[in-house]
Each structure stands twice: as structure tokens, then as C-alpha cells.
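A short write-up of the structure that comes next.
The values are calculated or read from the model by the stated rules, or taken from the named source; none is laboratory data. Because the structure is a prediction, the values reported are computed rather than measured. All Cβ positions, even for glycine, are placed from backbone atoms using ideal geometry, and neighbour counts span all protein chains on display. Each accessible area value is taken on the protein alone, full model and side chains, heavy atoms only, with ligands, DNA and RNA left out. Shrake-Rupley method; radii C 1.70, N 1.55, O 1.52, S 1.80 Å.
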Amino acid sequence: MRIPLSWLREFVDVPWSAAELGSRLTMAGFELESVEIAAPPFAGVVVAEIVDAVKHPQAEKLQVCQVKAGAGELLQIVCGAANARAGLKTALATVGAKLPGDKAITAAKLRGVESFGMLCSAKELGLADTSEGILELPADAPVGANLRGYLQLDDEILELNVTPNRGDAMSVLGIAREVAALTRSPVRLPQSTSASKLDNTVPVALSAPAGCPKFTCRVVSGIDNRIPSPPWLRERLRRAGLRPISPVVDITQYVMLELGQPMHAYDLGKLQGGLEARMAKDGETITLLDGREIRLTPDIVVIADSSGPVGMGGVMGGLASSCTAETTDILFEAAFFPPAAIAGRGRRYGLVTDAGQRFERGVDPVHQERAVERATQLLIEIAGGQAGPLQVVQKPDALPKRLEVALRRTRIQKLLGTVYDDNAVKATLESLGVRVLANADGWLVTPPSHRFDISIEADLIEELARVLGFESIPEAHAAGSQKPRPLPEEAPVESQALEILATRGYQEAITYAFVDPALQARLFPGAASPVLANAISAEMSVMRVSLWPGLIKAALENLRRQQDRIRLCEHGARFADGTETDLIGGIALGPRLPEQWAAARAPVDFYDVKQDLEALFARTGANEEFGYIADSLPCLHPGRSARITRGGRNIGWIGELHPELVQSFDFTYAPILFEVEYIPALAAKMPRFEEISRFPRVRRDLAVVVDEKVSLRQLHERVTFAASSLLRDIRVFDVFRGPGIEAGRKSIALGLIFQDNSRTLADEDADRLLAAIRADLSATLGAGFRE
């Protein structure tokens, strides 16, 4: 949020420079992101008045102006702006002036007519992105005055990061309250009262008090919405990061920035009948101010007239009742919408509005009247007109109430580790606008209406620490010694696991634990996703049940940035079945190798990623415990995926993304995904002493013919079982399909290594073991053998 320092000083005395103020606000919880000047550097520009303007003798679009820039003689300026006219006060860059972009102004001849300076537009002075003519200044602007001083263009602008729990601070008034608490000075509120000269009202009904318990409005008739807003208003909006549009729109924006109350203005002539704040009917549609037509759902608050919705409550108004240059009669609206009724509704349609952000975080439910009064005063001053009576329709029982919160001295000391004087506690809390009553244990505190974030004792203690200063809390040694326990030797070390994947070409990703419910449902249909009660947005409203939604989204973002070879891994948690599980997962897509001349371009496949996993598992020293069983999930290719096991326990999955999802996500190559439970998969096998045999090994080769569906893992398990403890190693040195092998079967050649620790094995011993293995494989796997 951008706060011009000059605007802030109208509300509260600021004894510090902008940099010092930013530092203090940062320590108070509002991080200063930047301090900038209201306008880029320029010099030699003054306020001037066009005394006379005649057409250029040699050019239809140029005018020759006689300009008064002070007490001296008139200056002749050739100008091409259509709005240059006699009597206009504007900005003049005199000869020798320096404009933004290091542009120097010199005397020149334009089509044979001398020009001694330049009349400037807002764009040329860096005050706007676009301009349709030269800058127009008020009629009372002092001729000859330095323009930077007159418009306060050296004003400093603070850009602050307001945390989501502090919706009350998203305005000049909100930051002024914070400065007032830090300086113990009063806040000056603008005095706005507008006498009612009309009897015009609009009937208002509140049919959904839970969604809109208060609606304040006022009719203002006879305005001129064609005139431009005055320079001071346009400039303040620009400095706050908004674009001026028209007096009505500019004033509603201005009041929102100043007081924190979002407002809306309806063209009274376009409303049909009275207004009703209600929940949308299923299937209703509305065309919003940005021209988009959206289909509403029954959980959305709308403002409607007899023809249907004219506004999406707390988010954006409707196009049908919007104000235009021809509008002469308007209805100001300042309503209160509870955060629960607005949160996520706009983002569901891709709408992120200033009003929506404020209502989601919490708007003061008491001061809608003040906002309407302020807007009415400004509109009548700028665009004329007469005001009707102020209408306030509310359901008091549905409005939020601030309950007393007990604050104990002992609890302050326990949480902050220090003791504050009672008077300091009381004065600090009262500087925040709260009501404080002393009792035996401490105080009973009632937060003000605008502080949605104060509801428990710890909130009050946080306020004390924040306002009194964290630096006021003395340093102290911990009461007990802190001795970190050594990490168990078998526990996996995160840095080592990530380094192994990094050496395989992966980059670590950190994605949100909150994911898009639609994306997660596509990957895991039917999975019970934990739903957030206060989601950041509709696209981040459920907890992830896997690392894959975040990794897939990250991969898509990389593809959009023309990265064709992607390897991402992540160590994080999933939230499913009421538990939190620590995982490590990854995604790989694109070419197997970086583009090069020595190898043909081929996409990464299942076995490439399986090899990456085996490199990761090798750190455990227990490669023989891991297995891959052909299986699938709804999001994986049914023929190119497997469950990963360790010691017979399922620990994760590996597989290619399902072809339908590959197509719907518009992947060029099918991504390969893996995900394993972190500790069960990566816990190291503790080394154990084993005697090295002094006797030679014996090798026997065996060609086993089995069905295609028989996995090497099954074969390995049966051979190990049949050979007992004398089998030291199994080596696969050939797999054959073809002549001599029945269809649907395969031949696997095994090298079997036997050894005993107590004696040399004779050929008879090896033959007996081989016979036992053959018998077991024939009986259990239906195996045949090739000689």
C-alpha cells in the first residue's frame, strides 16, 4: 500500500523523516518496502498562464501562445496541445530547464516561429503514463511559482506491506492511527457534513443480514460528471497508485484510500425500483464493470434492484448501473460486508479488487456514515449538485460486537519475559483506541470496532510489545541449558538427500501446502482434501494430499518460460486422512540429456527416474530392501507406474502422468513423477560387522523361463529363499524373448554366487543348491529352464 507522507501528515503529526518513519512502522509490523519521491527529477518548470493563443501561420495543429511566467515580459511558446487556450494556468519548462529523461529545453524555431520554452503535459513531467494535452492547473495557481513546490512533487511516498490480519490499516487513517499510537499524539479526522437539501431516497432491504448487515447510502442530484477531477485529487490518486477516471469514481476511490471504507456509486437513473442486499440465486448472471459476464452462485452476496443484480457485494459493481460522463444523479453506497461473506468470492472468478481485499480482511462496521458524508462533501465541492438525506439501514444483531478481553499482568510477564508499569500498559492500549478498565489481576480491554484482529489475551500482549518496541524487552539468558541431541545415525539428512538429487540434475522447489481444489481433484479424484476455513484465495483453498499438484504447477510455469528440460524435487508434507506425512518427491520431463551432438534427443522415461530413485536409495545401504510393484493411480499411466516398497511396506509411487492429463495440461512430453515417504524410504541401514569369508566363491548360471508378468523382484525373492544363507549375490546378465521362447514368456539369465564362511563349497554342494532353486521356481512360478 502506498501512503504519501503529505497526506498522512494531514491526519497526524509525524516527527520523523520518511526513512525513520518507515523503520519504526517496520518494527511495529508494517514492513517498509520502499520510499520514493512523488515525481522524477526535473528543474526549471514554473506555473504559467496563457494570455493569448492564436493559430500558427504555417501549421494547422500548432498554436502560438503568449505566456506569462512571472513579473517579466511575456514569452512566446509554440504549442501543439489541443487544450491550450487563453486564461489557462499550466506548467512551463523555461529555456535551460531539465525534464525527466535528461531532456534539455532550448529556444527553437518551429515552422518559422520562435519558441522560448515548452508547455508541458503530465506525461512529459513524469506525472502520468498518458496525457491528452498540457497540464491544467487550478485558476488560483500562483504564476511564476516553482511547479515542484506548488504541487509538492518532492513529497515522499512510503510503500508498506500490510499483513492480512490488519485490514484496518489499509488506509491513510489506519496508518495514522499507528503513528498516533507510536507518538502518543491525536488523530485528526476530516470534518465532513453535507446539509440535506433534497427529500430523494431509495428503498433498501437487507434480506441476507449474514452477508450484508448494514447499508448506508445517499442520493446526490444535479452533478456534472463531465468535468475533470481537480489536480490535487488526481495527483493524490496517482501517488497512491490509482488512475483518475471521473469525479464520481475518483471520489469513491479517494475515500477508500483515506478512510478504508470501500464505496460504490450507482447511476440513479439506471436503477429500477429499490435496492436489496441478498444472496444470489443459482444461475443468475451479472455483467461487471470490467465487461465480464459471470454466473453467480448462491453463496455470493449481491446488491439487486427489481431487474436483478446490479453489483457483486464487496467486490465489484455492475456495468448496467455504472456512472458515465452523462450521469447527473447518483446514489452513493457504503455498506458493511463481513469477511466470511466475501473471502474467496472474487478470486473464484479471477477478480482481485481493492474493495474485495479490504472487506476480506475486515472493514470498520461503524463508520460507513462518515465515508458517505466525506464523499458527498467532496462531490458537491467538485461537481456541484444537491444531497438527499443520509440513509442507514442495518440489522444490529448481525453486526460484529467487540467483546471484553481479560489481560493479566502475570501473563504479560510470562509471554514477554519483562514487567511493564501499569500506567504504561494502560496508556499504550488507550493510544490504540481501546477501552481499558482496571481489575485486580490486570485489565478488562474492549477493542475498537475497527480492530478485527484483537480477540484473545495474546493479541493484546502482542500489541504492547509492538507499540512499546521489541527493543524495550531486555535480553536474558534462557532459564535452562539448551543441549541439542545428536541426530540418530540412521536418520536421513535432508541436505544429503537433496544433494544426491541435485547431482542427478534436479532443482529444489518449495511450493505452497495450499493448492487448487480443481487441480487436486483431477489428479486424485475422490480424495478427501482438508478444506481451509480462511483460504488466501479460491485457488489455494485446500491442503495438498500429495506434492504432485505443486510440482506439476511449477513445471507448467517453467514450460511457459520456455524451459524444455525440467527436473524439480521437493521435501515437504502432505495432509491426508487426518495426518501429516513427510515426503520427498519430484517431477522430470523433457529430454533425457541436455541438447548435445554426442547423443540423440530422447525424452526422459520411467527407467531414467527409477535410476534417480535408486541413487537416492543407495545412501541407505539397503538397496536389496526396495522393490517396485506394477500398479497405478488415477493420475498415472496404467502401464508405466509402480508402487515402491521397502521391506514389503508401501512407501511411495513412481510413474508417468496419465495420457489424458498430459493432453489436458498441454505437456509436450509426458512427465515422470515420484513420491516417497521421507523417513521410511531414506532411513539408513546401520552397518553391522560381518566376517569376510576366507573361502572361494562358486558361480552357477541359470536361464529361467517365466511368464512376462513375473517380475525380477519375485524371481529374486524365490531364489534367495531356496538358496538360504549360502547365496551371496544374484546377477542378471541377459533377458531374451524370441525364437525358442513361447509367446507371453521371457528368459532371464541369472548368475548365482555361492559362498560359505566355514568351508570350501564342492561342486556337489553347488549342484544341490541349484537343484533346490530349480524345484522352487518350477513349483511357485511355473518356471522352465534353458540349458
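Descriptive notes on the structure:
- Convex hull of the stretch 541-649 built on C-alpha atoms - directionally averaged projected area, nm²: 9.3
- In summary, the lysines within cross-link reach of LYS401, defined as a Cα separation below 18 angstrom excluding same-chain residues under 8 places away, comprise LYS214.
- When all alpha carbon pairs of the stretch 50-126 are counted in 10 Å bins from zero, the resulting P(r) reads 19, 54, 26, 0 %.
- The chain: angle of helix 712-723 to the longest principal axis, Cα-based, in degrees nearest 10: 40
- Pairwise centroid distance, computed over Cα atoms, of the stretch 177-236 with the stretch 400-470, Å: 31
- Residue-span extension gain [GLU660 to VAL187] - 0.36 nm each, minus C-alpha spacing: 164.2 nm
- Counted residue by residue at 0.36 nm each, then reduced by the alpha carbon distance between them, the extension gain from ASN534 to SER758 reaches 73.8 nm.
- Cα-Cα pairs of the stretch 426-545 separated by more than 25 Å (percent): 65
- Rounded tilt (10° steps) of 457-468 against the dominant C-alpha axis of the chain: 60
- Relative to one another, the C-alpha centroids of the stretch 738-784 and the stretch 546-577 are positioned 44 Å apart.
- Per-residue 3J(HN,Hα) values for the stretch 138-150, derived from phi via the Karplus relation 6.51 cos²θ - 1.76 cosθ + 1.60 with θ = phi - 60°, read x, 5, 8, 5, x, 5, x, 5, 5, 5, 4, x, 5 Hz in sequence order (x marks Gly and Pro).
- Cα-based helix-to-principal-axis angle, 172-183 vs the chain, degrees rounded to 10: 90
- Net charge of neighbours whose Cβ lies under 10 Å from the Cβ of GLU656, counting Lys and Arg as +1 and Asp and Glu as -1: 0
- Shown for the stretch 724-787: the carbon plus sulfur share of the solvent-accessible area, taken with all protein chains present and a 1.4 angstrom probe, equals 49%.
- Accessible-area composition of the stretch 187-326, carbon plus sulfur, in percent [1.4 Å probe]: 52
- Average accessible area per residue (Å²) across the chain - probe 1.4 Å, nucleic acids and ligands excluded: 49
- Residue-span extension gain [ALA618 to ARG295] - 0.36 nm each, minus C-alpha spacing: 110.8 nm
- Phi to ³J(HN,Hα) by Karplus 6.51 cos²θ - 1.76 cosθ + 1.60 over the stretch 347-362, Hz, x for Gly, Pro: 5, 4, 10, x, 9, 10, 10, 4, 5, x, 4, 6, 5, 5, 8, x
- Accessible surface of the stretch 19-142 [probe 1.4 Å, protein heavy atoms]: carbon and sulfur percent: 51
- Cα shape, the stretch 275-379, gyration tensor, a/c 1.5 rule: oblate
- THR287/ARG731 FRET efficiency (R0 51 Å; Cβ-Cβ; nearest 0.05): 0.10
- Placing pseudo-labels 7 Å out from each Cα toward the beta carbon at ALA440 and ALA743 gives an inter-label distance of 9.4 nm.
- The Kirkwood radius of the stretch 722-787, taken over pairs of alpha-carbon atoms, gives through the Stokes-Einstein law at 4 °C and 1.567 mPa s a diffusion coefficient of 97 µm² s⁻¹.
- Whole-number D in µm²/s for the chain (Stokes-Einstein; Kirkwood sum over Cα pairs; 37 °C, 0.692 mPa s): 98
- Taking chymotrypsin sites (Phe, Trp or Tyr not before Pro) as exposed when their DSSP state is a loop state and no more than 11 other Cβ atoms lie within 10 Å, the longest site-free interval of the chain runs over 1-596.
- Helices in the chain, meaning DSSP H runs of at least 4 residues, each add -39500 (n - 2.57). Divided by all residues, the mean residue ellipticity at 222 nm is -7500 deg cm²/dmol.
- Whole-Å distance, taken between Cα centres, linking the stretch 345-388 and the stretch 53-77: 44
- All lysines inside 16 Å of LYS123 as judged from Cα atoms, apart from same-chain residues fewer than 8 positions distant: LYS98, LYS103
- Shown are GLU690, GLU31, whose ranking by accessible area with a 1.4 Å probe and every protein chain present, most to least, is GLU690, GLU31.
- GluC sites (Glu not before Pro) lying in DSSP loop within the stretch 570-632, provided at most 14 other Cβ fall within 10 Å: GLU595
- Between the amide H of ASP631 and those of SER641, ALA642, ARG643, distances stay under 5 Å, these residues lying 5 or more places away or on another chain, with hydrogens modeled in the peptide plane.
- For the stretch 100-259, diffusion coefficient by Stokes-Einstein and Kirkwood Rh (Cα), 10 °C, 1.306 mPa s, µm²/s: 78
- Whole-Hz couplings from phi, Karplus 6.51/-1.76/1.60, listed for the stretch 38-53; x for Gly and Pro: 4, 9, x, x, 7, 8, x, 10, 10, 6, 9, 10, 7, 8, 8, 9
- Overall, the ratio between the Cα radius of gyration of the stretch 210-294 and 2.2 N^0.38 Å, rounded to two decimals, is 1.30.
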